[in-house]
1. Any residue at all in segment B:201-209 that's among the charged types (D, E, K, R), in contact with a Lys or Arg (Cβ under 9 Å, 6 or more places away or on another chain) and closer than 14 Å to B:L238 by Cβ?
2. List the residue pairs whose Cβ atoms are under 6 Å apart, where the first residue sits in segment B:172-193 and is without any contact (Cβ under 8 Å) to a residue 60 or more places away in the chain, the second is in a loop (DSSP other than H, G, I, E, B), and the two are 6 or more positions apart or on different chains.
3. Do you know which residues across segment B:109-123 are modelled with pLDDT of 90 or more and part of a helix (DSSP H, G or I)?
4. Condition first: of a type in the set (G, A, S), away from chain A (no Cβ under 11 Å) and not in a strand (DSSP E or B). Can you find one or more residues in segment B:216-233 that meet it?
5. List the number of the failed condition for A:S62; all other conditions in (1) more than 10 Å from chain B (Cβ to nearest Cβ); (2) within 17 Å of A:P110 (Cβ to Cβ); (3) polar (S, T, N, Q) hold.
6. For A:A207, work out the one condition from (1) more than 29 Å from A:V101 (Cβ to Cβ); (2) modelled with pLDDT of 95 or more; (3) in a helix (DSSP H, G or I) it doesn't fulfil.
7. Hey, does segment A:81-95 have a residue that's of a type in the set (V, I, T) and within 14 Å of chain B (Cβ to nearest Cβ)?
Amino acid sequence: MINVENVSKSFTLHNQGAARIPVMHGASFQVAPGECVALVGVSGAGKSTLMRMLYGNYLAQSGRIQIGEVDVASAAPREILQLRRYSLGYVSQFLRVVPRVSTVDVVAEPLLATGWDRSDALARAEILLTRLNVPERLWSLSPTTFSGGEQQRVNIARGFAYDYPALLLDEPTASLDATNRAVVLEMIAAAKARGAAIVGIFHDDAARAQVCDREIDVTAFTPKAVA
Amino acid sequence: MTPLLQVTDIAKFYGQRIGCTGVSFDLYPGEVMGIVGESGSGKSTLLNCLAGHLTPDRGSVCFDTRADGLRDTVSMSEPERRMLSRTDWAFVHQHARDGLRMNVSAGGNVGERLMAVGARHYGDIREAATDWLGRVEISVDRIDDRPTAFSGGMQQRLQIARNLVTGPRLVFMDEPTGGLDVSVQARLLDLLRGLVREMNLSAIIVTHDLAVVRLLADRLMVMKDGHVVETGLTDQVLDDPQHRYTQLLVSSVLQV
C-alpha cells in the first residue's frame, strides 16, 4: 500500500544566507495492508519530516512515495487532495480547525467530503466522540478552547471517521489518560484488522510494542553530514 | 475530467511595465485556488484579466461553458462574456460598494441579479432574497434597508449573497476580507468556507492574507513582480516554501 523508494530531502533557507540543510537521504521502506509500522529514532532524526512527506505536506526532493496508485512525490495538488480525501488519513499532534465550527462537525467533515449523507456522518461522529469519552455537552462547541487531551481525542475521532486504506499517526496517544489510550490502541488494532496500512510515531514504548508489527529506524536515512 | 477554467500564457502590460506575464494553470470543478503576493505583484491584474474586466495582451482564458464546452472568453463577444458574468461567474470585490448598488435595498440587491437572468415573479424573488440574507446571516428585518445603513462586514456578506444567488460555477474574489476587523473576517471566512463546500463552488481568491488561503484554498499560486514564482498544494507551499520570496512571505507572518 505504501512504498517509499530512495527519498531525500533538504531545506534551503534562502533568507538565512541560503543555508542548505540536508535532512534525509535514501529513505526506502514498504508498508503492507494490515500492517502498522513505527518510525523511530532520536529527536531530530527526521521522523516528522518523513511523515509530512508521506502526506504531501513537505515536498520530497527526489525518489518516489507511492501510496496506492499515487506517487505523492510527483503528483499534482489535485491528485494529492483526492488521495487525502479517499485514501490517506492523518492524525497530527495538533488540532488545526476553523474557529466557530462545532466539534461534531469537525469530526464529521472527512465523511461529508467523501459524499456521506449528513445525518449518517453526524451519527458516526457521535459514536466516535462517545467512544473517546468526549462529553456530549462539548459536541456543539468549537474544540479550539478544549484541553490538550480533549483536542487530541477530537483529532483522533476525525482521523478515524473515514476508513482510509492508509493512515499516518503522529503521537496518537501522547496526552491521553489510560482509559482513552486503551480506546485509541483498540481503534488502531481495528484499523489494522480491516486492512489499513499504518505508519506511526509513538514515543509511548508500550503502545508501540502493542500495536506495531515492526520499527523503522529513521536514523539510517539521516545524511552523514548531519548525524 | 475537463477543467472548468484553462488559462494559457496570460500576459498584461502597462506600457513597458509588466502587469503579469506567463501565467498558465487549469482549475477543476470544486477547486479553490488562492493567489498571494504583495501589493503590485500583479495578482489583481491577473484576476481582472481572468474575469474579463481587463483584456490581456496575450493568452487565452478558456471556460467550460454549459452549452459549448471550453470557449476562450478573451475572444468571445462582449454580450456573451457579460452573460457569463451574470450567470456562471461571480465577482466579489474588496470594497462592497463596487459590487453592490448602494441606493437599492438589500433585498433588491439580491433580487436584481436574479432578474438579470430572467426571474420575474415577485414572490419567488423575494423568497430567494430572504433565504439568501438568512444564509449570509443578515437578519430578515433588514431586507428593505439600503446597504449604506449596513456595517462593512454586513455589506460584504450582502455582496456575497448577491453574487451567489444565481448559483454560479466560478467565483472570483478580490481581497474579500480586506479592511474588515479580525473578528468580522473570521465570521466571513467561515461563511465563505461553508458556502464553497456546500455549493461545490470553484473559486479564485486574490489576497495578501495567508490565513485566508490557509482556510479557503486547496492550492496556491505565489506572485512576485508579475511572475508566478511558486505553485502547489496550500499547506505544502505554506509549510515548506521553496522560493526565496515565498519563504520571506511565510516567515514575515507574526504568530499569535
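The values are calculated or read from the model by the stated rules, or taken from the named source; none is laboratory data. Since we're looking at a predicted model, the values are computed, not measured. Here Cβ is always computed from backbone atoms with ideal geometry, including for glycine, and neighbour counts include all displayed protein chains.
1. The first filter runs over segment B:201-209 and keeps only residues among the charged types (D, E, K, R), leaving B:209.
Next, from what is left, pick out any that are in contact with a Lys or Arg (Cβ under 9 Å, 6 or more places away or on another chain): none.
No - not one qualifying residue is present in segment B:201-209.
2. That search, which allows pairs on different chains as well, returns B:Q185/B:T177; B:A186/A:P99; B:L188/B:T177; B:D190/A:V98; B:D190/A:R100.
3. B:N109, B:V110, B:G111, B:E112, B:R113, B:L114, B:M115, B:Y122, B:G123, listed by residue number.
4. Quick first cut of segment B:216-233, residues of a type in the set (G, A, S) only: B:217, B:226, B:232.
Applying the additional criterion that residues be away from chain A (no Cβ under 11 Å) yields B:226.
Keeping just the survivors that are not in a strand (DSSP E or B) gives B:226.
Within segment B:216-233, one or more residues are of a type in the set (G, A, S), away from chain A (no Cβ under 11 Å) and not in a strand (DSSP E or B).
5. In the conditions (1) more than 10 Å from chain B (Cβ to nearest Cβ); (2) within 17 Å of A:P110 (Cβ to Cβ); (3) polar (S, T, N, Q), A:S62 misses (2) alone.
6. All conditions pass for A:A207, except number (2).
7. Within segment A:81-95, the subset of a type in the set (V, I, T) is A:91.
Filter once more, so that each one left must be within 14 Å of chain B (Cβ to nearest Cβ): none.
No, because not a single residue in segment A:81-95 is of a type in the set (V, I, T) and within 14 Å of chain B (Cβ to nearest Cβ).
Table: residues versus (1) within 11 Å of chain A (Cβ to nearest Cβ); (2) buried (at least 22 other Cβ atoms within 10 Å of the Cβ).
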{"residue": "B:L164", "(1), (2)": "no, yes"}
{"residue": "B:V171", "(1), (2)": "no, yes"}
{"residue": "B:D174", "(1), (2)": "no, yes"}
{"residue": "B:G179", "(1), (2)": "no, no"}
{"residue": "B:S183", "(1), (2)": "yes, no"}
{"residue": "B:L189", "(1), (2)": "yes, yes"}
{"residue": "B:L192", "(1), (2)": "yes, yes"}
{"residue": "B:M199", "(1), (2)": "no, no"}
{"residue": "B:I205", "(1), (2)": "no, yes"}
